[in-house]
Amino acid sequence: MAHYGMVIDTKRCVGCNACTTACKIANNVPEGIFWTRALTDGGDAPDTPKGTFPNVQMRYIIVGCQHCENPACTKVCPVGATYKDPETGIVRQDYDKCIGCRMCIAACPYTGVRSFNWQEPAYPMDFAVGDADAPAHQKHTVEKCTFCYQRQARGEVPACMDLCPARARFWGDLDDPDSDVSKLLREREYMQLLPEMGTKPSTYYLV
Amino acid sequence: MSEVKDPTKALESAGITRRGFLKTTGAAALGAGAVAMGGLSPMTKAEAADAAATEGETIVRTSCRGNCGSKCPTNVVVRDGKVVRVAAAELPGDDAPRRRFCVKGYTQPQRVYDPDRLKYPMKRTGERGEGQWERISWDEAIDTIVGKMGAAVQEAGGTSIAFWSSYGSYGVLNGQMAGYMSVGYGRMITALGATVLGAGADYAQIYEQSTLLGISGNDTADIANAKTIMAWGGNPAEAYIHDWHYVCDARENGAKLITIDPQFTASAAHSDIYVPIRPATDGALMLGMANYIIDNELMDTDFMKAKTVSPFLIKEDGTYFRMSDMGVEPTEGPVSPTTGKPTVINPNVVWDNATGALVAAASATDPALEGVFDYQGQTLTTVFQKTKDSTKEYTVEKASEICDIPVETIENLARIYATEGPVAVLTFQGLGHHVNSHHNYKNLAYIAALTGNAGKPGAMMTRGSGMYPFNAKAYFMGMGPGVSTTGMYLPKLMEEKKWGQKDVDIRVLWMANGNMLSCESGRQELIDAVKKVDFVVCADVNMTDSAQWADIVLPIPHAYETEDFDPVCPTPYPTYYHKAIEPLYECKTDLEILQLIAEKMGMSKIYGDGASTEELMRAAMDSEANLKFGGGYDAFQDGKVGRNYTHTPASLVDTFKSTASQRLEYYIEKPAPRNNFGQEVHDYERLPYYEHANESYWENPLREKYPLMGCSQHNKYHVHSQCAYTPVLREIEPEPTLKVNASDAAERGILQGDYVRVFNDRGYAVLKAVVTEGIKPGVVSIPHGFQADQFVEGHTQDLTNVVMNDFCSNSSFYDFLCEVEKYEGGER
């Protein structure tokens, strides 16, 4: 039993999107879809600040599936395609079971972290990149970040965790008091996204 | 299509109120498709612990290739003959934290199969630059090129063949370090006595700071030892991200981060102090700080006396006063490894306050920093005195006016710089892209000399990069190139047909290892010059802006399809490029192409009459020293990362070992221009100095017509023009944008996302505006790396100027003024 979670240090993150592309390649994510991405907390365009020059502020928030302890998505799925894995705490998505009703997208308060393949998924190349054992994408199904469970099965970290250039990302078992993530949450101030929704996200942002 | 809802609304209550990610465009057209490939080359065995491969996958160690300066040791995963995944290689032992990779690296599996890859040789069918091409065979391509080259050499000599490059590759087989240094290009160029047209970019720093002042910079890892970090002309959070985690480490230990930049970058966002300086005025800020430091006695005089040239005496003619000037004959020192002759020891003289006499610098106990002295009627002045006198007009108040920074801010910066060291100044090309830029590096060395911010851990004037030893003799057939200069002088050469006193009638232009017609400054004038050349060849991986102006284009392989060795060492690990897959399509390496040409021209002996890749690689790598230290060709064949044996703990800090005086220098005794064509050299080239930029200065009357000062940014989603069409990067950043301050936009009726026309007398571009509070009013930032067909119209590089400072021959990318207006032509 474990409860995997992610801690992202906003004091280090520079919104470079290395995690975004590592994820995209490792999971052969189709065109038009990102499972994780760097959002600018600032102005109304990427990489722009709020305020009036030169008194301005900007920070980056990396947003993907929050792998909530109390997920809204799993409760509404009529077929059990999205479910919480009791062994790891990871919110998973079974493409074979998914009927494409998109109730999970409607229920999830973290808009944009789940995507629906309206058409046959499209790719730049005619062969699959990434992990050989990453699940194939399917038309008329919902998909999202899986915490790269194919990698975990091999004892590896998720693709986005492999090397963050800023060393801003941490991943591990939140139930293990000696894990990096647990230590950081004891030592540093943090925030979570939409805590008032009661979803208890497993993603934390050090501030 | 996929449903991606706007995340903004849901995140509002979490304090994230704005959308920060462009909506992706539709499915990208794909030209390249995959083609069947031949058998795989023998794979390199990676260390088991480092292999994240699953069954059926092979890992090959190599790196990206391009001018980001990173050279990340990379594991490439190949499955079914295709590159499917990449990851940063683990580095052993204490080097583990140096492991590096970035957003562009992760996308290389797509870049290998980019839609704009050149697949086979092509010849132009329409007018030059029209984009009409016809596929031809390699035989036809080589025959045509050899015919043109042969005729040109016969009619106009070796210099009529010009090889124009930039920083695309430093490979010992296929690259063009310094314009021609590789087995492939070096041997062809020196055998022909051809003209070398090297890069103009970055030479304010390379020539002034590295070559003339001998400042090599401290190691990346040493940034963590700084107490204050100044991102000054550099943007470690975005432009050189491998420095950033060391910046963060220093900050977690209490270091202060200061960003001095007209643009509010990600580095600025993380900074304790952000100083929005007016472009091209950094040199004045440095001199203002220097005067504050002197006036308030914040100098580290012990350091100045012992570790800098400050007490050295100079004669009225500007040269150093040495012991030979007092009749003491120079003595012979150890044999120089470069000349093979004994070095001459003729010590500099200082005034020793302790004895009241002129003595050799090393024997003085209290050398005078200030003062004017007489020696038999000759007036001798200390370097510091002369510098102080010549720069005293740049008071804090005057600097404040020039730089548009409050007096108190400059005083605060000066105090921090002098008293809160060691200070790591992360300068890069933000200080190097104007006609006045090269002075910045003398001025920075001056303030470092005043305060002791050099020569010790955490104190640096730039972050350095090492070099793996190689055998440069392997690159030379004759004496050297016929002419070696900067490609930016191509318009001058085509106009005057002379370089100095030498006739140079360029008939054949070979462009490779760079995309000069996208990335050099003054694009339109360069294109005009290229049009005047009879015959133009371009060898590249992709159909670039430069390739578009060629008569024949030749496809070369991606880095992962090439065997080569890059000695540049920003980490202690040079890059051995092992071939992960066979070259796609009909690609041939630069070396293979040059070998075919040599054979056809009856010159095959320059490449050892069909010598193998291994033999040629050994010629470059198996130098006596490399073999002695076990660092030759064989050391890189076992799949492990090979460490640079010259990288030691002493490499962490630049202790002035590259300077003649073995001290920190900010005075240049004998200033000579980088590309000498007989131009005048001003006396001020010796000293810290400030002059305004060529075009981009506040008082320029041209601002009535073109009020906005230009600049750009080292873009995080391109490697210069590489990755221009890499699909995932263009999903993240689909099109070029112009950053304009919200107040400037409002004055011109420009709204967020409007298409705008940015223009000056040299050219224009139409592109989308990013209206932002993240750039100084009066300044606009143009994109870098997008190709001509990615703009609605024009090209932002057309705004830039070919004019350089002829002392250092440095491309002045940011030295332009322009105006912006709303584009009325609608969206494309």
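So, in segment A:138-177, of the ones that are more than 25 Å from B:A96 (Cβ to Cβ) and facing chain B (nearest Cβ under 10 Å), which residue ends up surrounded by the most Cβ atoms within 10 Å (Cβ to Cβ)?
Across segment A:138-177, the extreme among qualifying residues is A:V142.
Of the listed requirements (1) surrounded by fewer than 16 Cβ atoms within 10 Å (Cβ to Cβ); (2) more than 8 Å from every other protein chain (Cβ to nearest Cβ); (3) at pLDDT below 95, B:A53 misses just one: (1).
The selection criterion, being surrounded by fewer than 16 Cβ atoms within 10 Å (Cβ to Cβ), more than 7 Å from every other protein chain (Cβ to nearest Cβ) and touching a Ser or Thr at 6+ places or on another chain (Cβ under 8 Å), does not hold for A:D180.
The residues of segment B:193-238 that are surrounded by fewer than 24 Cβ atoms within 10 Å (Cβ to Cβ) and small (G, A, S), listed by number, are B:G193, B:S210, B:G214, B:S216, B:G217, B:A221, B:A224. In segment A:31-46, which residue that is outside any strand (DSSP E or B) and more than 7 Å from chain B (Cβ to nearest Cβ) is surrounded by the fewest Cβ atoms within 10 Å (Cβ to Cβ)? Across segment A:31-46, the extreme among qualifying residues is A:W35. Within segment A:66-107, the set of residues being within 25 Å of A:A2 (Cβ to Cβ) and either in a strand (DSSP E or B) or basic (K, R) (or both) comprises A:K75, A:T82, A:Y83, A:K84, A:V91, A:R92, A:Q93, A:K97. Across segment B:754-782, the number of residues qualifying as more than 8 Å from chain A (Cβ to nearest Cβ), surrounded by fewer than 23 Cβ atoms within 10 Å (Cβ to Cβ) and closer than 12 Å to A:A45 by Cα comes to 1. Within segment B:416-447, the set of residues being over 23 Å from the mean Cα position of the chain (by Cα), of a type in the set (G, A, S) and part of a loop (DSSP other than H, G, I, E, B) comprises B:G421 only. Note on segment B:470-581: enclosed helices (runs of 4 or more DSSP H) holding 2 or more residues that are within 28 Å of B:S216 (Cα to Cα) are B:516-519. Only one of the numbered conditions (1) at positive phi; (2) surrounded by fewer than 17 Cβ atoms within 10 Å (Cβ to Cβ) is not met by A:G89, and that is (2). For B:G478, indicate whether it is at pLDDT below 95 and either of a type in the set (F, W, Y) or farther than 21 Å from B:S165 by Cβ (or both). In short, no.
Given the residues B:S651, B:S712, B:S696, which is the only one that is at pLDDT below 95 and either out of contact with any helix residue (DSSP H, G or I) (no Cβ under 9 Å at 6 or more places or on another chain) or among the small types (G, A, S) (or both)? Please lay out each step first, then the result.
Numbers: B:S712 fails: at pLDDT below 95; B:S696 fails: at pLDDT below 95.
Being at pLDDT below 95 and either out of contact with any helix residue (DSSP H, G or I) (no Cβ under 9 Å at 6 or more places or on another chain) or among the small types (G, A, S) (or both) holds for just one of B:S651, B:S712, B:S696, which is B:S651.
Every listed requirement among (1) facing chain B (nearest Cβ under 7 Å); (2) outside any loop (DSSP other than H, G, I, E, B) is met by A:M6 save one, (1). Among the criteria (1) surrounded by fewer than 24 Cβ atoms within 10 Å (Cβ to Cβ); (2) within 19 Å of B:N801 (Cβ to Cβ), the one B:K498 does not fulfil is (2).
Within segment A:48-80, the only residue that satisfies the criterion of being surrounded by 21 or more Cβ atoms within 10 Å (Cβ to Cβ), more than 14 Å from chain B (Cβ to nearest Cβ) and free of Cβ contacts under 8 Å to residues at least 60 places away in the same chain is A:C77. Of all the numbered requirements in (1) within 14 Å of chain A (Cβ to nearest Cβ); (2) in a helix (DSSP H, G or I), B:I277 misses one, and that requirement is (2).
Just one of (1) away from chain A (no Cβ under 14 Å); (2) surrounded by fewer than 23 Cβ atoms within 10 Å (Cβ to Cβ); (3) in contact (Cβ under 8 Å) with a residue 12 or more places away in the chain; (4) closer than 29 Å to B:C403 by Cα fails for B:V792. It is (4). Across segment B:448-462, the qualifying residues are those that are in a helix (DSSP H, G or I) and more than 24 Å from the chain's Cα centre (by Cα), and the one among them that is surrounded by the fewest Cβ atoms within 10 Å (Cβ to Cβ) is B:T451.
Within segment B:86-103, the set of residues being within 11 Å of another protein chain (Cβ to nearest Cβ), in contact with a Lys or Arg (Cβ under 8 Å, 6 or more places away or on another chain) and not in a loop (DSSP other than H, G, I, E, B) comprises B:A88, B:V103. If you go through segment A:185-206 and keep only what is in a helix (DSSP H, G or I), of a type outside the set (D, E), within 14 Å of chain B (Cβ to nearest Cβ) and over 23 Å from A:T146 (Cβ atoms), you end up with just A:P195.
Residues of segment B:343-367 being touching a residue at least 40 places away in the same chain (Cβ under 8 Å), of a type outside the set (A, V, I, L, M) and under 12 Å from B:D325 (Cα atoms), which ones? Selection gives B:N348 alone.
Go through segment B:616-630 and give me each residue that's among the aliphatic types (A, V, I, L, M) and buried (at least 19 other Cβ atoms within 10 Å of the Cβ).
Step one: of segment B:616-630, the residues among the aliphatic types (A, V, I, L, M) are B:616-617, B:619-621, B:625, B:627.
B:L616, B:M617, B:A619, B:A620, B:M621, listed by residue number.
For segment B:75-124, the candidate set comprises residues that are of a type in the set (F, W, Y) and within 25 Å of the chain's Cα centre (by Cα); within that set, the residue that is surrounded by the fewest Cβ atoms within 10 Å (Cβ to Cβ) is B:F101. Just one residue in the set B:Y725, B:Y689 is part of a loop (DSSP other than H, G, I, E, B), within 11 Å of another protein chain (Cβ to nearest Cβ) and modelled with pLDDT of 95 or more; that residue is B:Y725. Taken as a whole, segment B:176-184 holds at least one residue that is within 25 Å of the chain's Cα centre (by Cα), crowded, with 24+ Cβ neighbours inside 10 Å, touching a residue at least 40 places away in the same chain (Cβ under 8 Å) and part of a helix (DSSP H, G or I).
Among residues of segment B:671-688 being within 24 Å of the chain's Cα centre (by Cα) and closer than 20 Å to B:G200 by Cβ, the one that is surrounded by the fewest Cβ atoms within 10 Å (Cβ to Cβ) is B:A672. Hey, does segment B:251-259 have a residue that's more than 10 Å from chain A (Cβ to nearest Cβ), in contact with a helix residue (DSSP H, G or I) (Cβ under 8 Å, 6 or more places away or on another chain), touching a residue at least 60 places away in the same chain (Cβ under 8 Å) and not in a strand (DSSP E or B)? Within segment B:251-259, not a single residue is more than 10 Å from chain A (Cβ to nearest Cβ), in contact with a helix residue (DSSP H, G or I) (Cβ under 8 Å, 6 or more places away or on another chain), touching a residue at least 60 places away in the same chain (Cβ under 8 Å) and not in a strand (DSSP E or B). Examine segment B:233-245 for a residue that is over 30 Å from B:T382 (Cβ atoms) and of a type in the set (F, W, Y), and state whether such a residue exists. So far as segment B:233-245 goes, yes, one or more of its residues are over 30 Å from B:T382 (Cβ atoms) and of a type in the set (F, W, Y). Cβ-Cβ distances below 9 Å connect the following pairs, each with a first residue in segment A:108-123 that is within 7 Å of another protein chain (Cβ to nearest Cβ) and in a loop (DSSP other than H, G, I, E, B), a second residue that is surrounded by 18 or more Cβ atoms within 10 Å (Cβ to Cβ) and of a type in the set (F, W, Y), and a separation of six or more residues or different chains: A:G112/A:F34; A:G112/B:F21.
The values are calculated or read from the model by the stated rules, or taken from the named source; none is laboratory data. The structure presented is a predicted model; accordingly, all values stated were derived computationally and were not measured. Neighbour counts are summed over all protein chains in view; Cβ atoms, including those assigned to glycine, are modelled from backbone coordinates with ideal geometry.
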